[in-house]
């Protein structure tokens, strides 16, 4: 039986257009989805848009558009942005979708049946941009720690979820299943805050009307975060998708840790629904050294970057240049350097040279099975090899299989930069192999065959990261008659 792999991303607010900061997480999710498909797993990849709440309603008013039209137009822009980056989700879920509204109402009724919802009155300081209340401890002088704006003081009747009831449950969860919150630093932060105590969560609003009707009281709408979190579960409530719950992985920005690692598991426990296995809470992406922000004027559209540099270069850079989990900087100078030095000089040069040598000398009559094979039995990491002293008489194809094992392990640990480093270390070996064998002089068909097979393996391993270029390589080197072809990566 196939293993199932259900991966989700955070769903993005539609109060503004998509930028490269949004795209970073979606690229990672797409790479993981493609990698698991490559392994033969049955994959379900879901992303989407968060379309309710006061912030969205205000953005529509500012744009002078009916809110329904505004969210339709903005959601379309997110879909187009992900398509331009070759990100292919199995479902793009919008919180305005009919099935989501139905599931949210059913979920709330389950929590109510468990005795976890009650009517009260809430008075507190609220940030509309965050769609969240803050205490003075979290927001000194009642200034939003994220948006640096003064918080609004609000008082309204509200239904509450008994979050305080779940303190012991949550602490046990973190202890017994440490993989629930990754990386470790986020887990430690969350445990520390939960130990201080939990306040019940306000889950309905009456001060505006753009949201899902609260099923227990028609005068209220559902708080946007309570609605949005349920989207991951909604996607598995359609016929044939039920088997994918619980989610294997929620990918999130670190600012979403509290919502997904405290509210969400408590909500699921209350509703009697199984918990996801892992939430990975990664750092932020900056752009040329600055935090990405519409107000700073650096919220660069993914489509513009793709038009400027090419889809695979943007994808490659996001996964290669900084460790996933930490904050990273989308530095255009560094992107150009990696494109030229790694994609063009190393990978592109290898593909061009070997295709040209095969085109000139041919390998059609070479019998691989009858040739002498040297099998490498040691499990090694290429990054620990001195590439220029490597015994290049060894079988490259067998070495490539060891690379695959190493890359698989690194991807399982979310070490995408190291996985790509491993693949490119093998590309270095292949380039050195061409030089050491002097194939342009010897016409060594065995060496050419090894290189052909190795390039196909490289293309396969890179296919989740740079799918468009990998497809071109596979098509070129799987042909009966291999031709040199066009330059794979033109230098910037």
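Please treat every number below as a calculation from the coordinates, not as lab data. Note that this is a predicted model, so its numbers are computed, not measured. Counting neighbours? That spans all protein chains shown, and the Cβs are built from the backbone with ideal geometry, glycine included.
Quick notes on this structure:
- Relative to the longest principal axis of the Cα atoms of the chain, helix 467-477 runs at roughly 20 degrees.
- Peptide packing: for 88-94, 10-16, 118-124, the average count of neighbouring Cβ atoms within 10 Å per residue gives the ranking 10-16, 88-94, 118-124, highest mean first.
- Unit Cα scatterers, Debye sum, region 296-347: log10 I(q)/I(0) for q = 0.20, 0.21, 0.23 Å⁻¹: -0.73, -0.80, -0.93
- At 0.692 mPa s and 37 °C, Stokes D of region 214-353 from Kirkwood alpha-carbon radius, µm² per second: 177 µm²/s
- Relative to the longest principal axis of the Cα atoms of the chain, the long axis of helix 396-412 makes an angle of roughly 10 degrees.
- Rg/Rg_ref, the chain, where Rg_ref = 2.2 N^0.38 Å and atoms are Cα: 1.11
- Helix 67-84 and the longest principal axis of the Cα set of the chain meet at an angle near 20°.
- Calculated FRET value between residue 239 and residue 345, using beta carbons and R₀ = 51 Å, to 0.05: 0.55
- Using a Förster distance of 25 Å, the FRET efficiency for residue 441-residue 487 (Cβ separation, nearest 0.05): 0.55
- Fraction of antiparallel bridges per DSSP, the chain only, in percent to nearest 5: 45 percent
- Extension gain for residue 37 to residue 114 (0.36 nm times residue separation, less C-alpha to C-alpha distance): 23.9 nm.
- Stretching the chain fully between residue 184 and residue 209 yields a gain of 5.1 nm (0.36 nm per residue, less the alpha carbon separation).
- Sequence of 454, 164, 301 once ranked by neighbouring C-beta atoms within 10 Å, starting from the fewest: 164, 301, 454
- Here the Kirkwood formula puts the hydrodynamic radius of region 100-191 at 16.0 Å, using every distinct Cα pair.
- Shape class for region 88-139, computed from the alpha carbon gyration tensor (a ≥ b ≥ c): oblate, with a/c not under 1.5 and a/b at or below b/c.
- Gyration tensor (alpha-carbon) shape descriptor, region 41-153, a/c threshold 1.5: oblate
- Residue exposure sequence - 52, 177, 125 - by fewest surrounding Cβ within 10 Å: 177, 125, 52
- Pairwise centroid distance, computed over Cα atoms, of region 301-347 with region 178-228, Å: 35 Å
- Contact order for the chain, expressed relative to its length and based on alpha carbon pairs under 8 Å spaced 6+ residues apart, stands at 15 percent.
- Efficiency of FRET from Cβ geometry, residue 255 and residue 196, R₀ 22 Å, rounded to 0.05: 0.70
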